[in-house]
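Colleague: My questions all concern the structure below.
The values are calculated or read from the model by the stated rules, or taken from the named source; none is laboratory data. Please read these numbers as outputs of a predicted model, since none were measured by experiment. With ideal geometry, Cβ positions are generated from the backbone for all residues, glycine too; neighbour counts draw on all protein chains shown.
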C-alpha cells in the first residue's frame with residue numbers, strides 16, 4: 001500500500017488477537033502504508049522460536065501495532081495532549097523499523113558491520129538521514145505536525161542522557177513495548193508465563209516528581225510482570241534449541257564471502273530474503289541455511305554456568321571481538337577434524353547477564369507524593385530481577401556428528417576453550 005496523506009480525522013480499526021480492536025488515526029495509517037513499515041510483515045517477532053514453539057510465527061508488524069495500542073492507553077491514562085500523544089504513539093508504532101531479519105538474531109553482526117544497533121537504524125528511517133534518506137516517514141510526520149527528531153529521541157534515546165518519563169514509556173523496565181510482547185509472545189508460543197495483568201499496570205501508572213511510577217495498589221501487577229518477564233526469557237527467548245538456531249543463522253551471515261562489507265544491505269531484508277540469498281552464496285552459509293530450514297540443528301556440547309573473574313573477562317573480550325571469537329571456533333573445529341563453522345560459541349547469555357538496561361531498581365511505587373523503590377533492596381524480588389535469562393553463561397554448539405567428541409574433549413580439558 002503506497003503511503004498517502006489521509007484526510008484529517010480519517011480512522012480505521014483492525015482486530016488484534018491480543019488487544020481486540022485497535023483504532024488507527026490518519027497519521028498511523030499513513031505511517032503503516034510506508035514500505036519501511038510494511039517490510040515488518042516479513043520479520044518474525046521471536047526469531048527462530050517457531051522451531052521449538054510452532055505457533056510463534058507472528059511478526060514485528062503485529063507487535064508494532066500492539067505497542068501503538070498500549071502507548072495510546074498510557075497517553076489516555078496520563079492525560080497527554082494531542083501532540084504529545086501523537087509523538088508517543090508514533091514512536092511506539094515505529095520503534096522496531098530497524099530490526100534485521102529474524103529480529104534480535106542478527107544484533108551482533110549488525111553492531112559489527114554498521115557500528116550501531118537496530119534503534120539507530122530506526123532513527124535513520126524516522127529522520128530521513130543516513131541509510132534512511134529515501135524514507136517518506138519524516139515527511140508524513142511533519143505533515144501531521146509531529147517533529148521526526150522528537151519521535152526518534154523516544155525510539156533511540158541518547159546514551160548517558162537523563163531520560164524523561166515519556167521516554168520511559170518506550171524504554172523502561174515496564175513499558176509499552178514489553179507489555180505488548182510478553183502477552184503476544186505468550187499467546188503465540190502457548191507459554192502461559194506472559195499472561196501479565198496489563199489492565200492493572202495501565203490503570204495504576206502515574207507521573208510523580210517528573211518520574212514514571214505506579215500506584216501502590218499496582219504492586220502485585222508489577223510483581224507478576226517481573227515473574228512473567230523472567231520466565232519468558234528462560235523458557236522461550238533463551239531456550240537452548242532457539243539459541244542453537246540463532247547462532248547458526250548468525251554464523252551463516254558472518255561466514256559468507258565478502259563479510260563484513262557484503263552484509264551491509266542484508267539488515268534491510270526480510271527473513272525469507274535472507275535465507276534464500278545466503279543459500280545462493282554456497283559454502284558454509286549455504287550449509288548452515290539448509291540445516292536451519294531442514295531443522296538439523298546444532299547441539300550444545302558443553303557449557304559454563306558460572307565463571308571466574310578472569311574467565312568472565314576473557315569471554316566478554318571475545319564477545320566484543322567477533323573476529324577473534326570466530327577464529328577460536330575454527331580452532332576448536334580443527335581440533336575435532338571438522339570443517340570451519342562446525343563449532344559455534346554462544347555468548348548472548350553472558351552479555352545479557354551484565355546488561356544494565358533493565359534496572360528494576362528504578363521502578364517506583366507511589367503513595368500520594370511519596371515514592372518508594374521496593375526492587376532495590378535485597379530479597380526475592382531483587383533476586384528475580386537479577387536472575388540470568390539462561391542457565392549457561394557460555395555455550396558451545398556443534399554440528400550433531402561432532403557432539404560426543406566435543407563433549408568428551410571439553411569435559412577432559414574445560415580450559416581448552418578459550
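Colleague: Quick check on my filter: what residues within segment 151-178 are over 21 Å from the mean Cα position of the chain (by Cα) and either surrounded by fewer than 17 Cβ atoms within 10 Å (Cβ to Cβ) or without any contact (Cβ under 8 Å) to a residue 12 or more places away in the chain (or both)?
Modeller: Keep residues of segment 151-178 that are over 21 Å from the mean Cα position of the chain (by Cα), which gives 161-162, 164-165.
Within segment 151-178, 161, 162, 164 meet the criteria.
Colleague: Against the condition out of contact with any helix residue (DSSP H, G or I) (no Cβ under 7 Å at 6 or more places or on another chain) and either within 19 Å of residue 267 (Cα to Cα) or without any contact (Cβ under 8 Å) to a residue 40 or more places away in the chain (or both), how does residue 44 come out, does it pass?
Modeller: Details: out of contact with any helix residue (DSSP H, G or I) (no Cβ under 7 Å at 6 or more places or on another chain): no; either within 19 Å of residue 267 (Cα to Cα) or without any contact (Cβ under 8 Å) to a residue 40 or more places away in the chain (or both): yes.
No, not satisfied.
Colleague: Please list, ordered by first then second residue, the pairs with beta carbon atoms under 6 Å, 6 or more apart or interchain, first in segment 1-18 and closer than 30 Å to residue 185 by Cβ, second assigned to a loop (DSSP other than H, G, I, E, B) and modelled with pLDDT of 55 or more.
Modeller: Close Cβ pairs satisfying both conditions: 1/33; 3/33; 3/34; 3/136.
Colleague: Filter segment 103-117 down to the residues that are assigned to a helix (DSSP H, G or I) and without any contact (Cβ under 8 Å) to a residue 24 or more places away in the chain, then identify the one that is farthest from residue 347 (Cα to Cα).
Modeller: Keep residues of segment 103-117 that are assigned to a helix (DSSP H, G or I), which gives 104-114.
Cutting the leftovers down to without any contact (Cβ under 8 Å) to a residue 24 or more places away in the chain gives us 107, 111.
Details: 107: 12, 111: 15 Å.
The residue in question is 111.
Colleague: State the number of residues belonging to segment 8-47 that are farther than 28 Å from residue 250 by Cβ and part of a helix (DSSP H, G or I).
Modeller: So the first thing to find is which residues in segment 8-47 are farther than 28 Å from residue 250 by Cβ, and the list is 8-34.
Narrowing further to those that are part of a helix (DSSP H, G or I): 26-32.
Total satisfying the criteria: 7.
Colleague: Any chance you could count how many residues in segment 162-190 are at pLDDT 95 or above, out of contact with any helix residue (DSSP H, G or I) (no Cβ under 7 Å at 6 or more places or on another chain) and either closer than 16 Å to residue 72 by Cα or part of a loop (DSSP other than H, G, I, E, B) (or both)?
Modeller: 1
Colleague: Test of understanding: among 9, 33, 26, 66, which residue is under 14 Å from residue 94 (Cα atoms) and either over 19 Å from the mean Cα position of the chain (by Cα) or at pLDDT below 95 (or both)?
Modeller: On the way: 9 fails: under 14 Å from residue 94 (Cα atoms); 26 fails: under 14 Å from residue 94 (Cα atoms); 66 fails: either over 19 Å from the mean Cα position of the chain (by Cα) or at pLDDT below 95 (or both).
From the options 9, 33, 26, 66, the qualifying one is 33.
Colleague: Could I ask something else about it? Yes or no: residue 309 under 26 Å from residue 378 (Cβ atoms), under 26 Å from the mean Cα position of the chain (by Cα) and without any contact (Cβ under 8 Å) to a residue 40 or more places away in the chain? I'd like the intermediate steps shown before the answer.
Modeller: Details: under 26 Å from residue 378 (Cβ atoms): yes; under 26 Å from the mean Cα position of the chain (by Cα): no; without any contact (Cβ under 8 Å) to a residue 40 or more places away in the chain: yes.
In short, no.
Colleague: Considering only segment 191-267, give the helices (runs of 4 or more DSSP H) lying wholly within it that have at least 1 residues that are touching a residue at least 60 places away in the same chain (Cβ under 8 Å) and farther than 25 Å from residue 45 by Cα. Spell out the reasoning first.
Modeller: Working: elements: 198-204, 219-232, 240-254.
Hits in segment 191-267: 198-204, 219-232.
Colleague: Could I ask something else about it? Can residue 114 be described as surrounded by fewer than 24 Cβ atoms within 10 Å (Cβ to Cβ) and closer than 29 Å to residue 201 by Cα?
Modeller: It is false that residue 114 is surrounded by fewer than 24 Cβ atoms within 10 Å (Cβ to Cβ) and closer than 29 Å to residue 201 by Cα.
Colleague: Mind listing whichever residues of segment 119-150 are in contact (Cβ under 8 Å) with a residue 40 or more places away in the chain and either buried (at least 19 other Cβ atoms within 10 Å of the Cβ) or part of a loop (DSSP other than H, G, I, E, B) (or both)?
Modeller: Of everything in segment 119-150, those that are in contact (Cβ under 8 Å) with a residue 40 or more places away in the chain and either buried (at least 19 other Cβ atoms within 10 Å of the Cβ) or part of a loop (DSSP other than H, G, I, E, B) (or both) turn out to be 121, 125, 132, 135, 136, 137, 140, 141, 144, 145, 146, 147.
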